[in-house]
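Asks: Before I ask anything, here is the structure I am working with.
We did not get these values from a lab; they are worked out from the coordinates using the rules stated. Bear in mind the structure is a predicted one, so any value in this text is a computation, not a measurement. Note that we place each Cβ from the backbone using ideal geometry, even for glycine, and neighbour counts take in every protein chain shown.
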Amino acid sequence: MSAALVSGREAAEERAQIRARVEAAGTSFYWAMRLLPERRRDAMFAIYAFCREVDDIADSAEPAPEKRRALDAWRNEIAALYAGRPASTIGRTLLEPVEAFELRREDFLAVIDGMEMDAVADMRAPTLADLDLYCDRVASAVGRLSVRAFGVASDAADRVAHSLGRALQLTNILRDLSEDAARGRLYLPRELLDAHGIGGSDPAHVLSHQALPLVCDALAVIAEGHFADARTMMAQCPRRPMRPAAAMEAVYRAILRRLRRRGWKRIDEPVNISKPVKLWLALRYGLV
């Protein structure tokens, strides 16, 4: 179906489908998205749905060549989106935000490139440089799309995206050590493993090593630095449109601190933020 042939009613139905998909996903970002005016919120829902779609491809049990073909199909859909002819529901719901908020094609493609890093081969003990590139693609690129949907397209907002994206992704890595290991992945960087005497890159071996807490603490310190940088740059942005970024920073910083209090000897013990706490943070950052 051509985007030009989608009626107002059909477009509204597709936006409702995307909203329902995001609500059902139970993402921590949902509470931050709720801080936005409806048009910008729908843009964020569409961005999230795109990210979830390509992430599901990377995490699927399909062979690597099939994953690559599916991601290439999304590259073609992004090209069609910027030509004004998206074919998918997600692509059509992105059409208005791309035009209205000047979302950049290279950021969508960076997200796909990041997912391909997971899809082609299981990532195990990447270098710090490769991990930083991965975080930029799968998280900071999403941040660069997001700040434009929020209504801020400044260099300072891009620097918030740079730092906050990395902070969120490193927090996810520390929270999901066991889950990633079950998929054969290990995102803890080679330099930190070597510094604490952990050789090899087998996830089970690394996660059972007595020096694991030292590695995780070191990575947590890096994440805390990114949180601090993001907060510094946020102060240089208009406060109201950046409320969702501030809410995400607060939620994930709380997760990181709870992880550090729990420690790294019980990594199977989940650490989450309860709905009442998320609601309190939402109220604190302006949801009424």
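Asks: At q = 0.08, 0.11, 0.16 Å⁻¹, what is the base-10 log of I(q)/I(0) for the chain according to the Debye formula with one equal point scatterer per Cα and no solvent? Please give it to two decimals.
Replies: Relative scattering, expressed as log10 I(q)/I(0), comes to -0.34, -0.65, -1.35.
Asks: Restricted to Cα positions, what overall size does region 10-132 have along the principal axes? Three whole-Å values, descending.
Replies: Here the Cα extents, ordered largest to smallest, are 41, 32, 26 Å.
Asks: Follow-up question, since we're still on this one. In what sequence do Arg183, Arg9 fall when counting other Cβ within 10 Å, fewest first?
Replies: Exposure proxy ranking, most exposed first: Arg9, Arg183.
Asks: Test of understanding: what is the full-extension gain from Asp268 to Ala129, defined as 0.36 nm times their sequence separation minus their Cα-Cα distance?
Replies: Computed gain between Asp268 and Ala129 is 47.3 nm.
Asks: Another question about this same structure. Applying the Karplus parametrisation 6.51 cos²θ - 1.76 cosθ + 1.60 with θ = phi - 60° to the phi angles of region 193-203, what ³J(HN,Hα) value in whole Hz is obtained for each residue in order, glycine and proline being reported as x?
Replies: Couplings: 5, 5, 4, 10, x, 9, x, x, 9, 5, x Hz.
Asks: Return Ser88, Ser140, Ser146, Ser178 ranked ascending by Cβ neighbour count within 10 Å, so the fewest neighbours appear first.
Replies: So the residues, fewest neighbours to most, are Ser178, Ser88, Ser140, Ser146.
Asks: Just how far, in whole angstrom, is region 173-208 from region 74-94 if you go by their alpha carbon centroids?
Replies: 37
Asks: In the neighborhood of Pro203, defined by Cβ-to-Cβ distances under 11 Å, what is the net charge if each Lys or Arg adds +1 and each Asp or Glu adds -1?
Replies: -1
Asks: With only alpha-carbon atoms in the gyration tensor, what are the semi-axes of the equivalent ellipsoid for region 127-235, in Å, largest first?
Replies: 29, 14, 10
Asks: Next question. Gain in length, Arg261 to Asp217, computed as 0.36 nm per residue apart minus the alpha-carbon separation, to one decimal in nm?
Replies: Full extension of this stretch gives 14.8 nm more.
Asks: I need Thr89, Thr127 ordered by Cβ neighbour count within 10 Å, fewest first.
Replies: Thr127, Thr89
Asks: Considering amide H positions built from the backbone, and no H for Pro or chain starts, which residues 5 or more places from Arg124, or on another chain, come under 5 Å of its amide H?
Replies: Those qualifying (amide H under 5 Å, at least 5 residues apart or on another chain) are Leu186.
Asks: Run the helix sum for the chain: -39,500 (n - 2.57) per DSSP H stretch of 4+ residues, divided by residue count, reported at 222 nm to the nearest 500 deg cm²/dmol.
Replies: Here the helix-only value at 222 nm equals -22500 deg cm²/dmol.
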